[in-house]
Amino acid sequence: MMPMRTSNLLNLGPLQVMDANGVRLPAGFTSRIVARTGEAPVAGSALWHGAPDGGACYPTPDGGWIYVSNSELSGGAGGVGALRFDASGAVVGYQRICTGTSRNCAGGKMPWGRWLTCEESGEGGQVWDCDPTGAQAAVARPALGRFNHEACIWEPTEGKMYLTEDQPDGGFYRFTPTTITNGVPSLGSGVLEVAQRQGAGPGGAVTWLVVPDPSGAMGPLRTQVACTPFDGGEGIVTHGGTVYFSTKGDNRIWEYDVASRALNVFYDQATSAMPFLSGVDNIELAAGGDLLVAEDGADLEIIGLTQSGQVVRVVQLIGHGSSEIAGPAFDPSGTRLYFSSQRGTTGASSGGITFEVTGPFHV
């Protein structure tokens, strides 16, 4: 949430010619590259990780911030890195805050200051609870289920976690913790459920079915009960009692109202009057509930979806045709947007490039 700010997405002009970094932006915006895979972001630091993916920003006491970024490498080579900025926006440090995990794809920024990174590593994938500062070691959270995780988000009005699964028949999950203390849930135990949607039309009511075995010993979680399949669950955010998530297989953004338990389609490329958003993937939240959706493939754009239903081009990368845009996240001021081209211009995981775009996203 960004108090005292208003989304400016509807006032952005058309994208201009690409800049020196190969980025097309509206007038009044600028870009810079803050990290490249295999290079040290600052002298003496660790090397920036391969296949950068989902990310989020966290303020630091000195007025700076940390951008955490997943690494979607396999075979235990994934994990999470943390890029530190000072109050002026200069990059001043980089460290790994989670190692030894695999295919860390997206995740979720928690309001109590933690980053939950999700392993998209088959039926054994887990969620890992990370400290953005690196002061505490990452901790696995098996109560959140073992499956092909994509992203998760804490919904504060009812005190539950929502999670997506990147499978053609993936589930839409929610987790109710056993206890919540001073707004912070205990993620060590609770009840994991999966959605069953009634009907296919508007206002489809959701029934939540308890997952008998979150460990997966009884088989894939989505097969343990008669849940509704969602075609490739991706990014997820929440605003004002509504949870939004993307499904890449059908290029849809869904909206779930937690009070009424109604699940509707917010955007559908097949029926939209402005169907230039495709390859839907990670999502970032702008003020007022406007969404920024990163594309995996397609035109390599970040697209704004406003609450009024408008579709706005915000960023486009040129020359990254075999890559995807991942990890969009605003800094604490809401004036800088971070994101990565996972495979850069080379099309390889070793070619990742992480960008910062500065401009009037908000007023």
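The values are calculated or read from the model by the stated rules, or taken from the named source; none is laboratory data. Note that the structure is predicted; figures quoted are calculated from it, not measured. Cβ coordinates were reconstructed from backbone atoms using ideal geometry, including for glycine residues, and neighbour counts include every protein chain displayed. Accessible surface areas use protein heavy atoms only, side chains included; no ligands, DNA or RNA. Shrake-Rupley method; radii C 1.70, N 1.55, O 1.52, S 1.80 Å.
Can you pull out every residue in the range 100-131 that is of a type in the set (Gly, Ala, Ser), under 16 Å from the mean Cα position of the chain (by Cα) and either more than 24 Å from residue 181 (Cβ to Cβ) or open to solvent by 20 Å² or more (accessible area, probe 1.4 Å) (or both)? Hits for the range 100-131 are 106, 113.
Return yes or no: is residue 194 free of Cβ contacts under 8 Å to residues at least 40 places away in the same chain, of a type outside the set (Gly, Ala, Ser), open to solvent by less than 50 Å² (accessible area, probe 1.4 Å) and assigned to a strand (DSSP E or B)? Yes: the conditions hold for residue 194. Taking the criterion of being of a type in the set (D, E, K, R), farther than 14 Å from residue 356 by Cβ and open to solvent by 10 Å² or more (accessible area, probe 1.4 Å), the residues of the range 295-343 that qualify are 296, 299, 313, 324, 343.
Contact annotation: residue pairs with Cβ atoms under 8 Å, 6 or more positions apart or on different chains, pairing a residue in the range 29-43 that is modelled with pLDDT of 95 or more with a partner that is open to solvent by 50 Å² or more (accessible area, probe 1.4 Å) and in a strand (DSSP E or B), are 42/92.
Sort out which residues of the range 133-165 are on the phi < 0 side of the Ramachandran plot, of a type in the set (Gly, Ala, Ser), touching a residue at least 12 places away in the same chain (Cβ under 8 Å) and assigned to a loop (DSSP other than H, G, I, E, B), and write them in order of number. Scanning the range 133-165 gives a single hit, 138.
Okay, residues lined up against (1) in contact with a Pro (Cβ under 9 Å, 6 or more places away or on another chain); (2) hydrophobic (A, V, I, L, M, F, W, C):
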| site | (1), (2) |
| --- | --- |
| 144 | yes, yes |
| 150 | no, no |
| 159 | yes, no |
| 170 | yes, no |
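Against the numbered list (1) over 21 Å from residue 118 (Cβ atoms); (2) at pLDDT 95 or above, residue 51 comes up short only at (1).
State whether one or more residues within the range 322-337 are without any contact (Cβ under 8 Å) to a residue 40 or more places away in the chain and either part of a strand (DSSP E or B) or not hydroxyl-bearing (Ser, Thr, Tyr) (or both). Checked against the condition, which is being without any contact (Cβ under 8 Å) to a residue 40 or more places away in the chain and either part of a strand (DSSP E or B) or not hydroxyl-bearing (Ser, Thr, Tyr) (or both), the range 322-337 yields no hits at all. The set of residues from the range 338-363 being among the aliphatic types (A, V, I, L, M), in a loop (DSSP other than H, G, I, E, B) and either in contact (Cβ under 8 Å) with a residue 12 or more places away in the chain or touching an Asp or Glu at 6+ places or on another chain (Cβ under 6 Å) (or both) comprises just one member, 363. Note on the range 197-240: residues that are assigned to a strand (DSSP E or B) and out of contact with any helix residue (DSSP H, G or I) (no Cβ under 7 Å at 6 or more places or on another chain) total 15.
Somewhere in the range 67-82, is a residue surrounded by fewer than 23 Cβ atoms within 10 Å (Cβ to Cβ) and more than 30 Å from residue 121 (Cβ to Cβ)? So far as the range 67-82 goes, no, none of its residues is surrounded by fewer than 23 Cβ atoms within 10 Å (Cβ to Cβ) and more than 30 Å from residue 121 (Cβ to Cβ).
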